[in-house]
Amino acid sequence: MPVPERYVELFGRYLSRTETLRGAANADLWLRYRRLALTDQRLLCLERGGLRHLPKYYRLTTIPLRRITAVDVQAGRLQTTLTVVIEGGGRFSYGLPSFSKGTDRFCAALRAAVGGE
C-alpha cells in the first residue's frame, strides 16, 4: 500500500536522495504529536507542536535499521506499544492507536525490515 501524500510531504525534507519512504504511522497518543516513518535505511520519529510544546517546536529522532536488534509489539484494545531495542540496550517506545488501520501494517513492515519476520 502506498504511503499517504501527507506523510511524504512531512518526511520528505528529512530523507536523503537515496532513501525510499516505505511506511508511516500515527503515534500521537497522550497529548503528543508524533509521526513515525520507515525508510529502507532508518526509522524516523518526528515530534512537533501539540499540547506539550510550542507549535514551532520539533524533534526528529532517527534510528538506523542496522542498529535495531529487536522489535516488540504489544497490542491492546486502544493502544499498541511499539518498542525498538538498539545496540547497547537502548530502547525507544511509542504508543500507536490500535484502532488505526496503518498500525498493524507499520509494525509488520518494521519487523520485516529488521529481519524479525
Rounded to the nearest Å, what's the spacing between the alpha carbon centres of the stretch 57-116 and the stretch 3-29? Just the number, please.
15
Long-range amide H partners of L43 with built H, under 5 Å
I63, L65
How many Å² of accessible area per residue for the chain, probe 1.4 Å?
61
Could you order the peptides 33-43, 15-25 from most to least packed, using the average number of other C-beta atoms within 10 Å per residue?
33-43, 15-25
Just the number: Rg to Rh for the chain, Cα atoms, Kirkwood Rh, two decimals.
0.94
Reciprocal mean inverse distance between Cα atoms of the stretch 53-117 - Kirkwood radius, Å
12.9
Protection proxy ranking, peptides 107-113, 2-8, average beta carbon neighbours within 10 Å, highest first
107-113, 2-8
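The values are calculated or read from the model by the stated rules, or taken from the named source; none is laboratory data. Just so you know, these numbers come straight off a predicted model, no measurement behind them. Positions of Cβ are backbone-derived with ideal geometry, glycine not excepted, and every protein chain shown enters the neighbour counts. Ligands, DNA and RNA are excluded from the accessible area calculation, which covers all protein heavy atoms including side chains. Shrake-Rupley method; radii C 1.70, N 1.55, O 1.52, S 1.80 Å.
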